[in-house]
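Nothing in this text is a laboratory measurement; each read-out follows from the coordinates by a stated rule. Computed from a prediction, not measured in an experiment: that's the story for all the values here. Cβ: placed from backbone, ideal geometry, glycine included. Neighbour counts: every protein chain shown.
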Amino acid sequence: MKADLHIHTTVSDGLTGPVEALRLAASLGIDVVAITDHDTDAALPLLGEAGALPVAVLPGVEMDTRLDGLPLEILVYGHRVGAEPLAGMLAGAAGRRSRRAEILWTALRRALGAELPPLSALLPPPRRVITRPQMVDCLLEARVLPHRQGAREAVAFYDPGFDPPSTEEAFRAAKASGGLCVLAHPLQVGGADPKALIERLAGMGLDGVETAYPYAAPADQARAAEVAAWAGRLGLIGTGGSDAHRAEEIGRVTVELPEALRARLLGGR
């Protein structure tokens, strides 16, 4: 089964609606997708509007976590949507992100002396999570700052943070709610040796590693292959996906659906 297991939608920081993402995947001959919005699975209830499309949906979410201060993004697959304790953790994270976005945007409006519209007008529902890059884009679109670097610096300066859960807490919540935990894009984790990190996480209950994704430069292909082999030796599943934020990115990386995830998809827990 051809799968794209890393797609973002307009529920978080993507530009494609959940239903449209499924339709595009179907047009590309993709059999399985996982919508993995940041800290929310709120896209899943919206997919009933898609009708009878030949695409299966694996429940997913990409969680921001911290491991001794190191930012790690963990993909959770196959969880029971709405089940505790993961549902409560996601609701808390989304709420903290929302408060952070409002505080940050209010500070930017005051500091820049600009007639910036409220975030709710710039990023209307079904948006549930707003990220820093989205606020950078809003500043540029409003033309209150001329360059992306300046907008990034302004957003970073006023960012109060949102206190994500620890990686271990996220693992416990995800597993208690039936999910499998996968380290997202390991070569993009700054300040950590991927092999050592994966080995440590495996000891904490990591189930898999995202071994196919679009950001590895040609020079990184050998490293990516080493990481995949290392994960395999540790008995971890390998996953992959496009990390799509735009319509044209969906399906740019696909994998054969791992057996462990196929069981989740078919309800064979």
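Just to check your reading of the model, which residue among VAL253, VAL209 is more than 26 Å from GLY92 (Cβ to Cβ), touching a helix residue (DSSP H, G or I) at 6+ places or on another chain (Cβ under 6 Å) and in contact (Cβ under 8 Å) with a residue 12 or more places away in the chain? Talk me through it step by step, then tell me what you get.
Details: VAL253 fails: touching a helix residue (DSSP H, G or I) at 6+ places or on another chain (Cβ under 6 Å).
So the residue among VAL253, VAL209 that is more than 26 Å from GLY92 (Cβ to Cβ), touching a helix residue (DSSP H, G or I) at 6+ places or on another chain (Cβ under 6 Å) and in contact (Cβ under 8 Å) with a residue 12 or more places away in the chain is VAL209.
Any idea how many residues of the stretch 18-48 are touching a Leu at 6+ places or on another chain (Cβ under 6 Å) and within 14 Å of ALA244 (Cα to Cα)?
4
Taking the conditions exactly as written (exposed (fewer than 15 other Cβ atoms within 10 Å of the Cβ), basic (Lys, Arg), free of Cβ contacts under 8 Å to residues at least 12 places away in the same chain and not in a loop (DSSP other than H, G, I, E, B)), does ARG110 satisfy them or not?
It is true that ARG110 is exposed (fewer than 15 other Cβ atoms within 10 Å of the Cβ), basic (Lys, Arg), free of Cβ contacts under 8 Å to residues at least 12 places away in the same chain and not in a loop (DSSP other than H, G, I, E, B).
Count, please, the residues in the stretch 125-162 that happen to be in a loop (DSSP other than H, G, I, E, B), more than 26 Å from ALA87 (Cα to Cα) and either without any contact (Cβ under 8 Å) to a residue 12 or more places away in the chain or touching a Lys or Arg at 6+ places or on another chain (Cβ under 6 Å) (or both).
Qualifying residue count, the stretch 125-162: 3.
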